[in-house]
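Trainee: Structure below; questions to follow.
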Amino acid sequence: MKFYDSASQRNPVRLKDERTVENSALQKKIVKQIEVWFLCLIIGFILTSYFLQYYFGNFNLLQDEFLINKMDSENWVELSVLTTFKKLQKLSSDFKVIVEAVEKSCSQLIECHEDGQKIRRNPRIPWRRDHTLWKRDLRERSLVMVSGEE
């Protein structure tokens, strides 16, 4: 069907079928939802990896009695233990997502067990399991300044 615009009777204007317009709007909405979902997935991987790197990082690991006590003799920690942490719970409690986040991470700090149920700090990046010496050294090297009244 051809219609002509009012300015000149020579330029035909095609009118879109209403169904085409609805389908186009639906397609745009679906694409937008996929983009948002994909972005959330990427952010979830990044944050999951970030929190795990924090938990197994030098500063936290040497002070975290709970995490140290949950390690086995080879320093593996069950994912079921890690998914009890509130920050990680908010992101995902799905083991597959956590393992995938660790595997896709550029960091070499953490590694996954082959069964996909445990993770640990990379043994090639050493840390002192006997952290009592570290705490004592830290106290000896620390200086506390207190402002007092004269």
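Trainee: List nothing, just return the count: lysine pairs in the stretch 47-135, 8 or more apart or interchain, with Cα separation under 27 Å.
Mentor: 20
Trainee: At each listed q (0.12, 0.15, 0.25 Å⁻¹), what is the log10 of I(q)/I(0) that the Debye formula gives for the stretch 47-135 modelled as equal alpha-carbon point scatterers?
Mentor: Calculated log10 I(q)/I(0) at the listed q: -0.32, -0.50, -1.47.
Trainee: Let me ask something else about it. Place a +1 charge on the Cβ of each Lys and Arg in the stretch 47-135 and a -1 charge on the Cβ of each Asp and Glu, then give the dipole magnitude about the Cα centre in debye, rounded to the nearest 20. If you can, show how the numbers build up before the last one.
Mentor: Details: 13 positive and 12 negative charges, 73 e Å.
Around 360 debye, computed over the stretch 47-135.
Trainee: Within 10 Å of each residue's Cβ, count the other Cβ atoms and sort Cys112, Cys106 from fewest upward. Write out the running numbers ahead of the final one.
Mentor: On the way: Cys112 19, Cys106 5.
By the 10 Å Cβ count, ascending, the order reads Cys106, Cys112.
Trainee: Turning to a different aspect of this structure: Using the Kirkwood formula over every pair of different C-alpha atoms, what hydrodynamic radius in Å results for the stretch 44-84? Could you put the intermediate results ahead of the total?
Mentor: Details: mean 1/r = 0.0928 Å⁻¹.
Mean inverse Cα-Cα distance, inverted, gives 10.8 Å.
Quick note: the coordinates plus some simple rules give every number you see, no bench work behind them. Quick caveat, the model's predicted, so the values are computed rather than measured. All Cβ positions, even for glycine, are placed from backbone atoms using ideal geometry, and neighbour counts span all protein chains on display.
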